[in-house]
1. Please work out the FRET efficiency for the pair residue 52 and residue 115, using the Cβ-Cβ distance as r and a Förster radius of 25 Å; give the result to the nearest 0.05.
2. Starting from 0.36 nm per residue, how many nanometres of slack lie between residue 148 and residue 93 once their C-alpha separation is accounted for?
3. In what order, largest first, do 148, 179 sit by accessible area if the probe radius is 1.4 Å?
4. Give the accessible area for residue 145 in Å² (nearest 10); use a 1.4 Å probe, count only protein heavy atoms, and leave out ligands, DNA and RNA.
5. Enter the accessible area of residue 110 (Å², nearest 10), with the probe set to 1.4 Å and all protein chains included.
6. May I ask you to compute the full-extension gain from residue 86 to residue 100, defined as 0.36 nm times their residue separation minus their alpha-carbon distance, rounded to one decimal in nm?
Amino acid sequence: MTSEPEQQWGVGIQDAFQRLWTPHRMAYIQGENKPTGPGADDGCPFCSIPAKSDEDGLVVKRGEQVYAVLNLYPYNGGHLMVVPYRHVADYTDLTEPETTELAALTKQAMTALRTASGAHGFNIGMNQGTVAGAGIAAHLHQHIVPRWGGDTNFMPVVGHTRVLPQLLADTRKMLAEVWPTA
């Protein structure tokens, strides 16, 4: 099938590609909501989220030491983070209770994501330090990214765009409803 390139104003060189715009990503690219410094009082979003309602903060589960929250800029639908309440940057600085609960909520997150969305697998990890890719290096957070067979499609590979089939508020509600009790 051949067709003439469609006239598209403002997209640079004319070609046959359609554009899927994701203007909400500019907030992340431009560093919106990023801390101004390393301290807890320097605008750390992970320190301010616990003061919000679960719905407003996208919190799925609150523990005593850590909480689980949806990533505002997810790699995949259901992308969660487990975050200590305490403003701490390095994994080795966690207390034993924080380490234990971080592991427990990670396991519970996997169970909830399997139940709610049938996730086939997971990418789990944390980036320690800016040079390792941490977007907010001053406050440790562990990512739980659900994966499905065939989810590496052309959109993220070619289009550099993630397609999320559900609003974050709806994902938060769905996961909170199936979160395991232990």
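The values are calculated or read from the model by the stated rules, or taken from the named source; none is laboratory data. This is a predicted model, so every value here is computed, not measured. Positions of Cβ are generated from backbone atoms using ideal geometry, with glycine treated the same way; all protein chains shown enter the neighbour counts. Protein only, heavy atoms only, side chains kept; ligands, DNA and RNA dropped before computing areas. Shrake-Rupley method; radii C 1.70, N 1.55, O 1.52, S 1.80 Å.
1. Numbers: r = 25 Å, r/R0 = 1.01.
Here the calculated transfer efficiency is 0.50.
2. Working: separation 55, 0.36 × 55 = 19.80 nm, distance 3.34 nm.
So the chain would gain 16.5 nm between residue 148 and residue 93.
3. Numbers: 148 65, 179 25 Å².
Largest to smallest exposure gives the sequence 148, 179.
4. 10
5. Number for this one is 40 Å².
6. On the way: separation 14, 0.36 × 14 = 5.04 nm, distance 1.44 nm.
Between residue 86 and residue 100, full extension yields 3.6 nm more.
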